[in-house]
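First up is the structure itself, then whatever we jot down about it.
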């Protein structure tokens with residue numbers, strides 16, 4: 001580039017700087033473009049197509065499953081597009097290697113896709129290694145009344161309900177309180193308290209999200225009768241449509257923990273004969289409920305001394321990561337007793353690396369397996385209530401064993 005003589009040296013330098021800036025911008029743009037191409041190459045697409053002849057023109061079809069792109073098991077978030085009279089479809093992209101678990105609904109769990117026998121099936125599963133098309137034929141849907149699997153069960157023991165319990169900054173929810181066998185007989189006795197998340201899934205199959213409960217009442221009652229654990233009060237905290245935000249890291253998770261610590265616990269201690277000290281206060285949950293149970297133990301160690309985390313969601317992405325806060329903690333060793341487990345099938349296999357990394361982090365920080373925490377791996381374990389029901393005796397004995 002030639003410059004007119006009348007341009008000063010300063011003007012020439014300015015133009016040279018501008019040229020350098022343009023070259024740098026071009027370089028950065030190219031780098032960003034190449035990185036975007038690289039990222040897109042790591043993603044795979046999946047096209048879900050649902051064919052059914054039993055719907056009218058105004059009916060909407062939804063897919064639901066674990067993760068934001070599948071609505072976090074909310075049955076009315078991710079809507080399929082109607083392609084013709086009998087077909088609905090949607091195309092989504094996920095990182096290569098993602099393992100999906102999902103179902104189809106008409107917008108609510110009482111209208112989910114059913115087997116030909118009229119029974120709700122288990123979660124559909126898919127591992128994404130390449131671009132994929134999934135064609136599903138659905139002949140029967142729930143008719144607006146709950147369609148539950150064939151399961152025999154009812155609440156064992158005495159429970160009390162506190163309906164529409166309100167928390168500051170949160171949706172109202174029901175609270176169910178399970179009382180131990182001696183509670184109404186021995187009126188001088190006080191009991192430790194186990195705060196349990198996803199409360200509707202703990203005791204009663206008729207309220208459980210998928211028709212099968214944890215059978216926590218039967219298991220605790222049996223262990224008490226066998227004199228293997230101390231009696232306890234169990235406080236089941238129902239979840240809401242905001243479950244994933246309430247049970248996860250972030251502002252809403254903080255609000256939920258404050259609700260448990262500062263509103264619900266004082267109410268329970270005032271209403272029931274509890275042992276309110278930290279040594280007798282514990283938390284339990286599965287999946288994201290397992291995460292929030294550990295968060296309560298870790299961040300409110302002055303209130304909680306114990307936690308049980310079944311199939312915990314400690315790490316999903318860099319934005320949904322609770323291992324880093326534990327690894328980066330520089331304070332004194334926390335006095336705690338924690339139980340962790342995970343299965344090796346389906347969604348549990350996706351959560352397993354995060355659980356193992358959490359165990360490794362705790363060990364490096366001086367926490368001792370068998371004393372400060374207990375780890376159990378169920379190679380055939382899946383991510384659902386029946387599997388948690390099979391394993392829940394383990395944390396109960398570890399945390400409350402005699």
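I need the shape label for segment 143-284. Rule: rounded when a/c is under 1.5, else prolate if a/b > b/c, else oblate, with a, b, c from the alpha carbon gyration tensor. It is oblate, given that a/c is not under 1.5 and a/b is not larger than b/c. Counting only DSSP beta bridges with both residues in the chain, the antiparallel share comes to about 55 percent. Can you give the percent of C-alpha pairs in segment 291-391 whose distance is more than 19 Å? Value for segment 291-391 (Cα pairs over 19 Å): 39 percent.
Between the Cα long axis of helix 288-299 and the first principal axis of the chain there is an angle of about 90°, rounded to the nearest 10. Working from the Cα coordinates of segment 43-141, the gyration tensor eigenvalues give, after taking √(5λ), semi-axes of 21, 15, 13 Å in decreasing order.
Just to confirm the number: angle between the C-alpha axis of helix 216-225 and the first principal axis of the chain, 0 to 90 degrees, nearest 10? Long axis of 216-225 versus the principal axis of the chain: about 40 degrees. Can you work out the base-10 log of I(q)/I(0) for segment 75-121 at q = 0.30 1/Å, using the Debye formula on its C-alpha atoms alone? The Cα Debye sum returns log10 ratios of -1.15. Between residue 81 and residue 267, the distance separating the two model label sites (each 7 Å from Cα on the Cα→Cβ line) works out to 4.5 nm. Could you tell me how many degrees, from 0 to 90 and to the nearest 10, lie between the Cα long axis of helix 9-42 and the main elongation axis, the longest principal axis, of the Cα atoms of the chain? Long axis of 9-42 versus the principal axis of the chain: about 40 degrees.
Convex hull volume of the C-alpha atoms in the chain, normalised per residue: 215 Å³.
None of the figures in this text is laboratory data; all of them are computed from the coordinates on show. Here the structure is a predicted model, which is why all the values come from computation and not from measurement. A quick note on method: Cβ atoms are made from the backbone with ideal geometry, for glycine too, and the neighbour counts reach across all protein chains shown.
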